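The values are calculated or read from the model by the stated rules, or taken from the named source; none is laboratory data. The structure presented is a predicted model; accordingly, all values stated were derived computationally and were not measured. Note that we place each Cβ from the backbone using ideal geometry, even for glycine, and neighbour counts take in every protein chain shown.
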Amino acid sequence: MRYLHCMTRRILTIIVLLTTITTGVKAQWDVQFSDYTALKSFYNPAVSGTEGKLNVNAAYSMQFLGYENAPGTMYIGGDLPVYFLSPRHGAGVSLLSDQIGMFTTTKISLNYAYNMKIGKKGRLAIGVQGAFLRESVDPKDVELDQTNDPAFPTSQVNGQHVDLAAGVYYYHPKFWAGLSTLHAMAPTLVMSEKYEVTVPRSYYFMGGCNIRLKNTFITLQPSCMVMTDLTSWREDIQCKLAYEYEEKKLYFGVGYSPATSATFMVGGMFHGIKLGYSYQMYTSGVNMINGTHELVIGYQTELDLFKKGRNLHKSVRWL
């Protein structure tokens with residue numbers, strides 16, 4: 001069952017799915033968002049609250065568009081700083097729903113991060129995540145060449161388990177980097193006496209920097225992400241060209257994953273409202289028009305209630 005779910009991220013028909021099971025090929029469990037820098041807290045709980053603002057993001061990814069039973073992933077998450085006396089604490093919550101044919105994965109997560117000052121401008125955050133993971137297999141809409149195939153249940157089955165994640169994250173005005181592990185417990189979701197799925201422990205490295213072009217409002221933002229479950233690997237590199245002025249931002253970007261895909265993205269932010277679109281075009285095995293469309297919508301606002309001058313009110317008698 002583990003092989004079934006993992007391979008459906010790359011294979012979209014049941015016939016091809018069954019073929020890949022017999023060969024024993026494996027792929028990673030987690031969703032790979034095209035614009036990963038917009039959703040860093042999804043991969044690393046230590047990112048929660050580090051921007052000093054309330055961040056709310058929603059993403060929808062339509063993968064392998066044009067194929068039957070194509071994957072569709074919805075993500076909603078938010079994080080914010082939680083100010084005590086000192087230092088800064090962060091918290092976050094998220095919901096993920098990932099549907100691929102007969103398989104549906106649901107994950108509800110709570111994040112906590114503790115960060116401290118390192119040097120003059122840098123900060124180091126350590127984060128943990130507790131999650132509830134649920135896997136459902138419903139074969140009712142799937143037509144099989146062989147009836148009563150033991151590889152598939154005859155009715156819907158479900159399994160659930162708690163999950164843990166942890167990470168560290170260093171951030172500075174000019175660069176950032178993070179290391180995290182998801183599914184630290186490698187949980188096994190038992191759906192029945194015959195069907196269970198083990199989620200592999202996975203590791204992520206992300207890093208990037210901000211390079212401001214001289215005498216302009218333009219910034220180059222190169223970044224990379226490496227993902228592995230120690231069996232398979234994926235590397236992504238990305239670069240955005242961003243124009244920022246006051247509370248307005250506009251960016252264009254490109255990304256590349258060796259032997260997998262090329263990505264094009266565009267987006268911006270206006271007074272705290274974020275909107276981004278990306279298209280991931282696969283470089284082998286899939287037509288150019290059958291790539292992945294991804295939409296990210298978000299909102300960001302200041303939340304530091306302890307800043308000097310915040311929430312002060314003048315009396316009308318002194319105006």
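Here are the numbers for the structure shown:
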quantity: Among residues of region 101-113, those that are in contact with a Leu (Cβ under 8 Å, 6 or more places away or on another chain) and assigned to a strand (DSSP E or B), counted; calculated: 6
quantity: Residues of region 57-87 that turn out to be among the β-branched types (Val, Ile, Thr) and surrounded by fewer than 18 Cβ atoms within 10 Å (Cβ to Cβ), as a count; calculated: 2
quantity: Boolean, residue 48 is in contact (Cβ under 8 Å) with a residue 24 or more places away in the chain, surrounded by fewer than 18 Cβ atoms within 10 Å (Cβ to Cβ) and polar (S, T, N, Q); calculated: no
quantity: Scan of region 180-191 for residues that are at positive phi and either modelled with pLDDT under 95 or in contact with a helix residue (DSSP H, G or I) (Cβ under 7 Å, 6 or more places away or on another chain) (or both), ordered by number; calculated: 186
quantity: Search result, residues across region 20-35 that are over 15 Å from residue 202 (Cα atoms) and either modelled with pLDDT of 95 or more or of a type in the set (D, E, K, R) (or both); calculated: 35
quantity: Residue within region 290-297 that is closer than 12 Å to residue 64 by Cα, loosely packed, with under 14 Cβ neighbours inside 10 Å and over 19 Å from the mean Cα position of the chain (by Cα) present; calculated: no
quantity: Extreme residue, surrounded by the most Cβ atoms within 10 Å (Cβ to Cβ), among residues of region 88-107 that are within 28 Å of residue 273 (Cβ to Cβ) and of a type in the set (Gly, Ala, Ser); calculated: 90
quantity: Strands (runs of 3 or more DSSP E) (entirely within region 165-271) containing at least 2 residues that are of a type in the set (Ser, Thr, Tyr); calculated: 175-182, 202-209, 218-228, 233-245, 248-257, 261-270
quantity: Members of region 56-86 that are free of Cβ contacts under 8 Å to residues at least 40 places away in the same chain and touching a strand residue (DSSP E or B) at 6+ places or on another chain (Cβ under 6 Å); calculated: 72, 74, 76, 77, 78, 79, 82
quantity: Residues located in region 37-58, provided they are among the charged types (D, E, K, R) and either at pLDDT below 95 or part of a loop (DSSP other than H, G, I, E, B) (or both); calculated: 51, 53
quantity: Looking only at region 182-200, and only at residues there that are surrounded by fewer than 17 Cβ atoms within 10 Å (Cβ to Cβ) and touching a Ser or Thr at 6+ places or on another chain (Cβ under 8 Å), the one that is nearest to residue 45 (Cα to Cα); calculated: 186
quantity: Selection count where residues are within 15 Å of residue 56 (Cα to Cα) and either out of contact with any Asp or Glu (no Cβ under 9 Å at 6 or more places or on another chain) or buried (at least 17 other Cβ atoms within 10 Å of the Cβ) (or both), scope region 269-280; calculated: 5
quantity: Subset of region 75-133 [touching a Lys or Arg at 6+ places or on another chain (Cβ under 7 Å) and closer than 11 Å to residue 45 by Cβ]; calculated: 131
quantity: For residue 61: the one exception among (1) within 18 Å of the chain's Cα centre (by Cα); (2) farther than 23 Å from residue 177 by Cα; (3) not β-branched (Val, Ile, Thr); (4) not in a strand (DSSP E or B); calculated: (4)
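Matching residues to (1) touching a helix residue (DSSP H, G or I) at 6+ places or on another chain (Cβ under 7 Å); (2) of a type in the set (S, T, N, Q); (3) buried (at least 17 other Cβ atoms within 10 Å of the Cβ):
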{"position": "163", "(1), (2), (3)": "no, no, yes"}
{"position": "175", "(1), (2), (3)": "no, no, no"}
{"position": "178", "(1), (2), (3)": "yes, no, yes"}
{"position": "208", "(1), (2), (3)": "yes, no, yes"}
{"position": "239", "(1), (2), (3)": "no, no, no"}
{"position": "254", "(1), (2), (3)": "no, no, no"}
{"position": "257", "(1), (2), (3)": "no, yes, yes"}
{"position": "261", "(1), (2), (3)": "no, yes, yes"}
